[in-house]
Amino acid sequence: MSNVLSTPILLQIRKIVFDKFNDTSLRFTNDEIFEILKTLDMTKSLAIDDMKPFFNKLHQDGFLRPIAQNFTTQWFKLFGEVEKTNCNSCNNEIHIGKLEERICPSCKISI
């Protein structure tokens, strides 16, 4: 896998977290997210080890925070609840944490 982060996968992870784990008291794992991603055609060639850069990026962005790790399994919690909105610039539906900078994760324009 290339070292370049794929924005569509990052957007999919954000959507999964919004749909399934949008509560700051919940904890969830990269394995849970990966199992959901595997059902999508675009991620069939990925392995769990390929996911680390995506979760690192989401942590750097202030979307989620790691709370524990056991071998390849990482547990996370949200910094803040996630909200769904539309970006007026790229016209994508986006999911952004309430505590994140108000920048579209797709086109990088302020929202």
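No value in this document is a laboratory result; all are computed from the given coordinates. What you see is a predicted model; the values in this text were computed from it and never measured. Please note: Cβ atoms are built from the backbone with ideal geometry, for glycine as well, and neighbour counts cover all protein chains shown.
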Quiz item: Which of SER106, SER45, SER89 comes first, and how do the rest follow, when ranked by fewest Cβ neighbours within 10 Å?
Solution: SER45, SER89, SER106
Quiz item: Dividing the Cα convex hull volume of the chain by residue count, how many Å³ per residue is that?
Solution: 97 Å³
Quiz item: Using the membrane-span-like helix rule (whole DSSP H runs, Cα extent along the own axis of at least 18 Å, mean Kyte-Doolittle hydropathy at least -0.5), which helices of the chain qualify?
Solution: 7-20
Quiz item: Once the Cβ-Cβ distance between GLU93 and ASP49 is put in as r, and R0 is 41 Å, what FRET efficiency do you end up with, to the nearest 0.05?
Solution: 0.90
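In nm, what is the difference between 0.36 nm times the number of residues separating LYS84 and ASP19 and their Cα-Cα distance? Write out the running numbers ahead of the final one.
Values: separation 65, 0.36 × 65 = 23.40 nm, distance 0.99 nm.
Full-extension gain reported as 22.4 nm.
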Self-check item: Over the chain: helical MRE at 222 nm, DSSP H runs n ≥ 4 each giving -39500 (n - 2.57), nearest 500
Solution: -8500 deg cm²/dmol
Quiz item: Using modelled backbone amide H atoms (1.01 Å from N, in-plane), which distant-in-sequence or interchain residues come within less than 5 Å of ASN92's amide H?
Solution: CYS87
Practice problem: Would you calculate the separation in nanometres between label points at ASN70 and ARG27, each defined as 7 Å from the Cα along the Cα-to-beta-carbon direction? | Solution: 1.0 nm
